[in-house]
Amino acid sequence: MNPMSVCSSSSSSSGSWSSTKAWIVHGIVAGVAIAVAIGARVYLGPPKKFRSRVVGIIPARFASSRFQGKPLVQILGKPMIQRTWERAKLATTLDHVVVATDDEKIRDCCRSFGADVIMTSESCRNGTERCSEAIQKLEKKYDIVVNIQGDEPLIEPEIIDGIVKALQEAPDAVFSTAVTSLKLEDAFDPNRVKCVVDNSGYAIYFSRGLIPFNKSGKANPQFPYMLHLGIQSYDTRFLKIYPQLEPTPLQLEEDLEQLKVLENGYKMKVIKVDHEAHGVDTPEDVEKIESLMHERNLS
(Lines give C-alpha, C1' and ligand atoms only; values in the text may rest on other atoms or scores of the structure.)
Protein backbone atom coordinates (compact mmCIF):
# COMPACT_ATOMS: atom_id res chain seq x y z
CA MET A 1 0.00 0.00 0.00
CA ASN A 2 1.27 3.43 -0.86
CA PRO A 3 1.83 5.39 2.41
CA MET A 4 1.00 8.58 0.61
CA SER A 5 -2.39 7.24 -0.45
CA VAL A 6 -3.25 6.32 3.16
CA CYS A 7 -2.38 9.84 4.34
CA SER A 8 -4.37 11.33 1.52
CA SER A 9 -7.39 9.18 2.33
CA SER A 10 -7.19 9.99 6.07
CA SER A 11 -6.91 13.70 5.39
CA SER A 12 -9.85 13.58 3.02
CA SER A 13 -11.93 11.63 5.53
CA SER A 14 -11.08 14.13 8.31
CA GLY A 15 -12.05 17.08 6.13
CA SER A 16 -15.32 15.43 5.22
CA TRP A 17 -16.16 14.76 8.92
CA SER A 18 -15.36 18.38 9.84
CA SER A 19 -17.66 19.56 7.10
CA THR A 20 -20.39 17.20 8.31
CA LYS A 21 -20.03 18.43 11.90
CA ALA A 22 -20.31 22.01 10.73
CA TRP A 23 -23.54 21.26 8.92
CA ILE A 24 -24.94 19.41 11.97
CA VAL A 25 -24.13 22.36 14.27
CA HIS A 26 -25.56 24.80 11.72
CA GLY A 27 -28.73 22.71 11.51
CA ILE A 28 -29.16 22.60 15.30
CA VAL A 29 -28.64 26.34 15.67
CA ALA A 30 -31.07 27.06 12.85
CA GLY A 31 -33.61 24.70 14.36
CA VAL A 32 -33.34 26.34 17.78
CA ALA A 33 -33.71 29.80 16.23
CA ILE A 34 -36.83 28.73 14.35
CA ALA A 35 -38.30 27.12 17.47
CA VAL A 36 -37.66 30.26 19.51
CA ALA A 37 -39.23 32.43 16.83
CA ILE A 38 -42.30 30.18 16.64
CA GLY A 39 -42.58 30.09 20.43
CA ALA A 40 -42.38 33.87 20.68
CA ARG A 41 -45.00 34.25 17.98
CA VAL A 42 -47.33 31.83 19.75
CA TYR A 43 -46.95 33.79 23.03
CA LEU A 44 -47.08 37.27 21.61
CA GLY A 45 -49.44 36.59 18.75
CA PRO A 46 -49.35 38.70 15.57
CA PRO A 47 -47.36 41.89 16.38
CA LYS A 48 -50.19 44.29 15.60
CA LYS A 49 -52.70 42.40 17.76
CA PHE A 50 -50.69 42.02 20.98
CA ARG A 51 -52.96 42.80 23.94
CA SER A 52 -55.60 44.03 21.50
CA ARG A 53 -58.84 43.57 23.48
CA VAL A 54 -59.29 46.41 25.96
CA VAL A 55 -61.93 47.22 28.58
CA GLY A 56 -62.20 50.35 30.68
CA ILE A 57 -63.42 49.87 34.26
CA ILE A 58 -64.45 52.75 36.52
CA PRO A 59 -64.28 51.54 40.14
CA ALA A 60 -66.66 53.48 42.38
CA ARG A 61 -67.52 53.21 46.06
CA PHE A 62 -69.86 55.27 48.19
CA ALA A 63 -67.98 54.99 51.49
CA SER A 64 -64.96 57.29 51.24
CA SER A 65 -63.11 58.55 54.31
CA ARG A 66 -62.44 61.94 52.73
CA PHE A 67 -65.63 62.44 50.72
CA GLN A 68 -68.70 60.29 51.43
CA GLY A 69 -70.78 59.57 48.32
CA LYS A 70 -68.25 61.22 46.03
CA PRO A 71 -69.22 59.41 42.77
CA LEU A 72 -72.78 60.79 43.01
CA VAL A 73 -71.89 64.42 43.71
CA GLN A 74 -73.47 66.75 41.17
CA ILE A 75 -71.15 68.66 38.83
CA LEU A 76 -73.12 71.17 36.77
CA GLY A 77 -76.24 69.04 36.90
CA LYS A 78 -74.72 65.59 36.29
CA PRO A 79 -73.32 63.00 38.73
CA MET A 80 -69.52 62.96 38.65
CA ILE A 81 -69.50 59.25 37.75
CA GLN A 82 -71.57 60.04 34.66
CA ARG A 83 -69.16 62.74 33.53
CA THR A 84 -66.21 60.36 33.92
CA TRP A 85 -68.07 57.61 32.02
CA GLU A 86 -68.95 59.97 29.16
CA ARG A 87 -65.30 61.04 28.79
CA ALA A 88 -64.06 57.44 28.89
CA LYS A 89 -66.49 56.44 26.13
CA LEU A 90 -64.64 58.82 23.79
CA ALA A 91 -61.39 56.81 23.99
CA THR A 92 -60.77 54.97 20.71
CA THR A 93 -58.80 52.06 22.22
CA LEU A 94 -61.56 50.90 24.56
CA ASP A 95 -63.85 48.13 23.32
CA HIS A 96 -66.13 48.47 26.34
CA VAL A 97 -66.58 50.67 29.43
CA VAL A 98 -68.19 49.48 32.68
CA VAL A 99 -68.62 50.76 36.23
CA ALA A 100 -67.62 48.44 39.10
CA THR A 101 -69.24 49.21 42.45
CA ASP A 102 -70.43 47.66 45.71
CA ASP A 103 -73.17 50.22 46.24
CA GLU A 104 -76.76 49.97 45.02
CA LYS A 105 -77.25 53.74 44.85
CA ILE A 106 -74.28 54.05 42.49
CA ARG A 107 -75.51 51.05 40.48
CA ASP A 108 -78.97 52.54 40.01
CA CYS A 109 -77.57 55.96 39.12
CA CYS A 110 -75.24 54.50 36.47
CA ARG A 111 -77.90 52.36 34.89
CA SER A 112 -80.17 55.41 34.65
CA PHE A 113 -77.77 57.07 32.18
CA GLY A 114 -77.00 53.87 30.25
CA ALA A 115 -73.80 52.54 31.81
CA ASP A 116 -73.12 48.83 32.25
CA VAL A 117 -72.50 47.99 35.92
CA ILE A 118 -70.71 45.09 37.60
CA MET A 119 -71.45 44.59 41.30
CA THR A 120 -68.37 43.79 43.36
CA SER A 121 -67.65 42.86 46.95
CA GLU A 122 -67.40 45.37 49.79
CA SER A 123 -64.16 43.64 50.80
CA CYS A 124 -62.19 45.15 47.87
CA ARG A 125 -59.45 47.22 49.49
CA ASN A 126 -58.77 49.48 46.51
CA GLY A 127 -59.69 50.21 42.91
CA THR A 128 -57.26 47.65 41.52
CA GLU A 129 -58.83 44.81 43.50
CA ARG A 130 -62.29 46.00 42.41
CA CYS A 131 -61.14 45.89 38.76
CA SER A 132 -59.69 42.42 39.32
CA GLU A 133 -63.01 41.11 40.61
CA ALA A 134 -65.00 42.85 37.88
CA ILE A 135 -62.92 41.48 35.00
CA GLN A 136 -63.64 37.93 36.15
CA LYS A 137 -67.38 38.62 36.06
CA LEU A 138 -67.42 39.96 32.51
CA GLU A 139 -68.61 37.52 29.85
CA LYS A 140 -66.09 38.62 27.22
CA LYS A 141 -62.33 38.16 27.60
CA TYR A 142 -59.98 41.15 27.51
CA ASP A 143 -56.19 41.48 27.32
CA ILE A 144 -55.93 44.90 28.99
CA VAL A 145 -57.95 46.50 31.76
CA VAL A 146 -57.85 50.29 32.17
CA ASN A 147 -58.60 51.48 35.71
CA ILE A 148 -60.26 54.87 35.14
CA GLN A 149 -60.48 57.00 38.26
CA GLY A 150 -64.09 58.01 38.85
CA ASP A 151 -63.02 61.29 40.45
CA GLU A 152 -61.42 62.63 37.25
CA PRO A 153 -64.52 64.04 35.46
CA LEU A 154 -62.37 65.90 32.94
CA ILE A 155 -60.08 63.00 32.02
CA GLU A 156 -58.88 63.31 28.43
CA PRO A 157 -59.64 60.31 26.18
CA GLU A 158 -56.21 60.74 24.57
CA ILE A 159 -54.57 59.90 27.90
CA ILE A 160 -56.55 56.66 28.12
CA ASP A 161 -55.44 55.79 24.58
CA GLY A 162 -51.86 56.73 25.44
CA ILE A 163 -51.45 54.36 28.38
CA VAL A 164 -53.12 51.53 26.47
CA LYS A 165 -50.70 51.91 23.57
CA ALA A 166 -47.77 52.18 25.99
CA LEU A 167 -48.65 48.80 27.52
CA GLN A 168 -49.21 47.23 24.11
CA GLU A 169 -45.72 48.35 23.06
CA ALA A 170 -43.94 47.20 26.26
CA PRO A 171 -44.32 43.40 26.57
CA ASP A 172 -41.99 43.35 29.60
CA ALA A 173 -44.39 45.59 31.57
CA VAL A 174 -47.58 44.47 33.30
CA PHE A 175 -48.82 47.95 34.16
CA SER A 176 -48.84 51.41 32.58
CA THR A 177 -49.79 54.84 33.84
CA ALA A 178 -49.43 58.56 33.13
CA VAL A 179 -47.80 61.57 34.74
CA THR A 180 -47.81 65.28 34.06
CA SER A 181 -45.88 68.29 35.35
CA LEU A 182 -46.36 69.03 39.04
CA LYS A 183 -47.33 72.55 40.04
CA LEU A 184 -44.98 74.04 42.60
CA GLU A 185 -47.86 74.86 44.96
CA ASP A 186 -48.74 71.15 45.05
CA ALA A 187 -45.22 70.03 45.97
CA PHE A 188 -46.06 69.17 49.57
CA ASP A 189 -49.71 68.23 49.14
CA PRO A 190 -50.06 64.55 50.17
CA ASN A 191 -53.15 64.22 47.96
CA ARG A 192 -50.95 64.89 44.91
CA VAL A 193 -48.92 61.74 44.30
CA LYS A 194 -45.46 62.24 42.82
CA CYS A 195 -43.52 59.87 40.57
CA VAL A 196 -39.94 59.32 39.38
CA VAL A 197 -38.99 57.23 36.33
CA ASP A 198 -35.83 55.78 34.82
CA ASN A 199 -34.28 56.71 31.48
CA SER A 200 -36.36 54.09 29.66
CA GLY A 201 -39.68 55.40 30.96
CA TYR A 202 -40.29 52.79 33.65
CA ALA A 203 -41.46 53.76 37.14
CA ILE A 204 -38.92 53.83 39.96
CA TYR A 205 -41.13 55.07 42.80
CA PHE A 206 -44.34 56.87 43.77
CA SER A 207 -44.79 58.97 46.89
CA ARG A 208 -47.15 61.36 48.63
CA GLY A 209 -44.06 63.30 49.63
CA LEU A 210 -41.96 65.33 47.24
CA ILE A 211 -39.58 63.18 45.20
CA PRO A 212 -36.79 63.64 44.58
CA PHE A 213 -36.19 65.55 47.81
CA ASN A 214 -33.09 67.77 48.04
CA LYS A 215 -31.07 68.60 51.15
CA SER A 216 -32.37 72.18 51.31
CA GLY A 217 -35.78 70.82 52.26
CA LYS A 218 -37.45 73.09 49.69
CA ALA A 219 -38.94 72.45 46.27
CA ASN A 220 -36.60 73.37 43.42
CA PRO A 221 -38.45 75.62 40.91
CA GLN A 222 -36.09 74.42 38.17
CA PHE A 223 -36.66 70.69 38.66
CA PRO A 224 -39.28 68.89 36.50
CA TYR A 225 -41.24 67.14 39.26
CA MET A 226 -43.92 64.76 37.99
CA LEU A 227 -47.48 64.31 39.20
CA HIS A 228 -49.16 60.91 38.94
CA LEU A 229 -52.55 61.14 37.25
CA GLY A 230 -53.96 57.99 38.80
CA ILE A 231 -55.27 56.38 35.62
CA GLN A 232 -53.57 53.05 34.97
CA SER A 233 -53.83 49.96 32.79
CA TYR A 234 -52.90 46.36 33.50
CA ASP A 235 -52.20 43.16 31.66
CA THR A 236 -55.29 41.07 32.52
CA ARG A 237 -53.22 38.03 33.49
CA PHE A 238 -51.34 40.12 36.05
CA LEU A 239 -54.51 41.76 37.33
CA LYS A 240 -55.94 38.35 38.22
CA ILE A 241 -52.99 37.57 40.53
CA TYR A 242 -52.69 41.08 42.00
CA PRO A 243 -55.11 40.44 44.92
CA GLN A 244 -53.09 37.34 45.87
CA LEU A 245 -49.96 39.42 46.44
CA GLU A 246 -49.50 40.28 50.09
CA PRO A 247 -49.56 43.99 51.02
CA THR A 248 -46.05 45.41 51.03
CA PRO A 249 -44.35 47.79 53.51
CA LEU A 250 -44.03 50.74 51.11
CA GLN A 251 -47.57 50.29 49.85
CA LEU A 252 -48.93 50.38 53.39
CA GLU A 253 -46.78 53.31 54.49
CA GLU A 254 -47.63 55.51 51.50
CA ASP A 255 -51.14 54.07 51.01
CA LEU A 256 -50.44 53.71 47.29
CA GLU A 257 -51.55 50.49 45.62
CA GLN A 258 -49.12 50.76 42.70
CA LEU A 259 -46.17 50.37 45.07
CA LYS A 260 -47.13 46.72 45.63
CA VAL A 261 -46.50 46.17 41.93
CA LEU A 262 -43.01 47.66 42.09
CA GLU A 263 -42.08 46.00 45.39
CA ASN A 264 -42.86 42.61 43.88
CA GLY A 265 -40.45 43.27 41.01
CA TYR A 266 -42.92 43.93 38.18
CA LYS A 267 -42.30 46.63 35.58
CA MET A 268 -44.51 49.64 35.06
CA LYS A 269 -44.42 51.83 31.93
CA VAL A 270 -45.01 55.56 32.42
CA ILE A 271 -45.95 58.15 29.80
CA LYS A 272 -45.62 61.90 30.21
CA VAL A 273 -48.60 63.96 29.08
CA ASP A 274 -49.53 67.63 29.01
CA HIS A 275 -52.57 67.66 31.27
CA GLU A 276 -53.83 69.88 34.04
CA ALA A 277 -55.09 67.46 36.68
CA HIS A 278 -58.53 68.16 38.10
CA GLY A 279 -59.27 65.31 40.45
CA VAL A 280 -61.99 65.63 43.07
CA ASP A 281 -60.52 64.64 46.45
CA THR A 282 -62.57 66.87 48.77
CA PRO A 283 -65.94 68.70 48.62
CA GLU A 284 -64.04 71.94 48.01
CA ASP A 285 -62.71 70.57 44.72
CA VAL A 286 -66.21 70.44 43.22
CA GLU A 287 -66.49 74.22 43.07
CA LYS A 288 -63.06 74.42 41.42
CA ILE A 289 -64.12 71.90 38.75
CA GLU A 290 -67.35 73.75 38.02
CA SER A 291 -65.55 77.11 37.74
CA LEU A 292 -63.08 75.56 35.29
CA MET A 293 -65.88 74.06 33.22
CA HIS A 294 -67.59 77.46 33.02
CA GLU A 295 -64.31 78.98 31.82
CA ARG A 296 -63.99 76.33 29.11
CA ASN A 297 -67.68 76.43 28.13
CA LEU A 298 -68.08 72.77 29.04
CA SER A 299 -71.63 71.64 29.79
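List of remarks:
- Cβ pairs under 9 Å, 6+ apart, first in segment 130-157 and under 21 Å from Glu86 (Cβ atoms), second aromatic (Phe, Trp, Tyr) and assigned to a loop (DSSP other than H, G, I, E, B): Asp151/Phe67
- Any hit, segment 255-270, residues being basic (Lys, Arg) and open to solvent by 20 Å² or more (accessible area, probe 1.4 Å): yes
- Residue under evaluation Asp198, criteria (1) surrounded by 15 or more Cβ atoms within 10 Å (Cβ to Cβ); (2) within 18 Å of Leu262 (Cα to Cα), criterion not met: (1)
- Thr84 falls short of the stated requirement of being of a type in the set (S, T, N, Q), closer than 27 Å to Ser299 by Cβ and not in a helix (DSSP H, G or I).
- Cβ pairs under 7 Å, 6+ apart, first in segment 231-252 and open to solvent by less than 70 Å² (accessible area, probe 1.4 Å), second hydrophobic (A, V, I, L, M, F, W, C) and assigned to a loop (DSSP other than H, G, I, E, B): Ile231/Ile148; Ile231/Ile155; Tyr234/Val174; Asp235/Val174; Phe238/Val174
- The residue of segment 150-188 that is surrounded by the most Cβ atoms within 10 Å (Cβ to Cβ), among those that are of a type in the set (S, T, N, Q) and in a strand (DSSP E or B), is Ser176.
- Number of positions in segment 93-124 that are part of a helix (DSSP H, G or I) and crowded, with 20+ Cβ neighbours inside 10 Å: 3
- For segment 286-293, the criterion of being under 28 Å from Val55 (Cβ atoms) and either of a type outside the set (A, V, I, L, M) or crowded, with 17+ Cβ neighbours inside 10 Å (or both) is satisfied by at least one residue.
- Apart from one condition, Ser291 fits all of (1) out of contact with any strand residue (DSSP E or B) (no Cβ under 9 Å at 6 or more places or on another chain); (2) among the small types (Gly, Ala, Ser); (3) assigned to a loop (DSSP other than H, G, I, E, B); the exception is (3).
- Candidates Gly209, Gly279, Gly217: the one that is open to solvent by less than 20 Å² (accessible area, probe 1.4 Å) and part of a loop (DSSP other than H, G, I, E, B) is Gly279.
The values are calculated or read from the model by the stated rules, or taken from the named source; none is laboratory data. Since we're looking at a predicted model, the values are computed, not measured. Using ideal geometry, Cβ is built from the backbone for each residue, glycine included, and neighbour counts are taken over all protein chains shown. With ligands, DNA and RNA removed, areas are computed over all heavy atoms of the protein, side chains included. Shrake-Rupley method; radii C 1.70, N 1.55, O 1.52, S 1.80 Å.
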